[in-house]
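Laboratory data are not the source of any read-out in this text; all were calculated from the coordinates shown. Because the structure is a prediction, the values reported are computed rather than measured. Here the Cβ positions follow ideal geometry from the backbone for every residue, glycine too, while neighbour counts run over all protein chains shown.
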Amino acid sequence: MIKNHEEPANSPLASAGKNLSKLERRRTVLYAAAGLFSLIGLADSIYLTIQHVTGQSVRCTIVAGCSEVLSSSYATFGGIPLAMIGAAAYFCVFSLSTLAAFGYRSAGQLMTLVVMLMFVVTLWLFYLQAFVIRHFCQFCLLSAATTVLLTGIAVLLWRIRRRSV
């Protein structure tokens with residue numbers, strides 16, 4: 001009778017398997033966190049899109065300047081509200097992070113690319129608020145903070161991917 005060969009608990013192969021499963025768990029948790037954070041950004045962007053489309057003004061309670069930022073020429077891109085583009089981006093990140101959490105590797109790589117693009121756009125929009133419009137919108141700052149968190153998660157996932165190759 002042939003027995004299945006198992007590696008001793010202290011062998012390099014057994015410890016590599018434990019590390020891999022630990023990396024897989026960490027990767028799944030990070031993708032789940034990215035999905036949750038993207039839902040915050042999605043809710044924020046949908047709120048701003050609805051306010052823009054219906055012509056309602058957004059009331060700032062933390063900082064003064066929402067009206068100046070959201071009524072500026074930078075609030076739309078090609079006639080499309082920037083918040084709507086943001087909602088689409090957050091929805092993409094949510095979808096891709098969910099797929100990646102279930103093991104679709106290319107979805108995770110694409111999510112990283114989308115998040116990095118969002119980060120660059122966020123830096124540009126923050127610059128516009130600070131130095132061109134000279135006002136800040138609390139909802140825009142929430143979106144920026146969410147994108148920075150997603151960027152941190154994407155960097156951690158990239159480091160895990162490099163370690164497991």
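Helix 82-101 versus the longest principal axis of the chain: what is the Cα-based angle in degrees, 0 to 90, to the nearest 10?
10 degrees
Relative to the longest principal Cα axis of the chain, at what angle does helix 12-54 sit, 0 to 90 degrees, rounded to 10?
With rounding to tens, the tilt is 20 degrees.
Of Phe139, Tyr90, Gly79, which is farthest on the positive side of the dipole of the chain, counting Cα position, with +1 on Lys and Arg Cβ, -1 on Asp and Glu Cβ, and the Cα centre as origin?
Tyr90
Quick one: which residues, 5 or more positions from Thr76 or on another chain, have an amide H under 5 Å from its amide H? H modelled 1.01 Å from N in the peptide plane, none for Pro or chain starts.
Answer set, sorted by chain and number: Leu82.
Give the distance, in whole Å, between the Cα centre of region 68-119 and the Cα centre of region 120-165.
About 11 Å separates the Cα centre of region 68-119 from the one of region 120-165.
What's the longest piece of the chain with no exposed trypsin sites (Lys or Arg not before Pro), counting a site as exposed if DSSP puts it in a loop and it has at most 14 other beta carbons within 10 Å? Display every interim value, and only then the final one.
Values: sites that count: Lys3, Arg59, Arg134.
Longest site-free region, per DSSP loop and neighbour criteria: 60-133.
Select from Ile62, Ile50, Ile85 the residue whose mean-square fluctuation is largest in a Gaussian network model of the chain (Cα-Cα springs shorter than 10 Å).
Ile62
From the Cα gyration tensor of region 35-164, with a ≥ b ≥ c the square roots of its eigenvalues, which class applies: rounded if a/c is under 1.5, or else prolate if a/b is larger than b/c, or else oblate?
Values: a/c = 2.45, a/b = 1.94, b/c = 1.26.
Prolate, because a/c is 1.5 or more and a/b exceeds b/c.
Output the relative contact order of the chain, whole-number percent, from Cα pairs under 8 angstrom with separation of 6+ residues. Can you show the working numbers first?
Values: 163 pairs, mean separation 52.5, N = 165.
With pairs under 8 Å counted, the relative contact order is 32 percent.
Kindly put Thr28, Thr112, Thr151 in sequence by how many other C-beta atoms sit within 10 Å of each C-beta, fewest to most. Present the calculation step by step, with values, prior to reporting the outcome.
Working: Thr28 14, Thr112 23, Thr151 17.
With the sparsest Cβ surroundings first, the list reads Thr28, Thr151, Thr112.
Out of the chymotrypsin sites (Phe, Trp or Tyr not before Pro) in region 89-165, which ones are loop residues according to DSSP with at most 15 other C-beta atoms within 10 Å? Intermediate values should be presented prior to the final figure.
Numbers: sites: Tyr90, Phe91, Phe94, Phe102, Tyr104, Phe119, Trp124, Phe126, Tyr127, Phe131, Phe136, Phe139, Trp158; in loops: Phe102, Tyr104, Phe136.
Those satisfying the criteria are Phe102, Tyr104.
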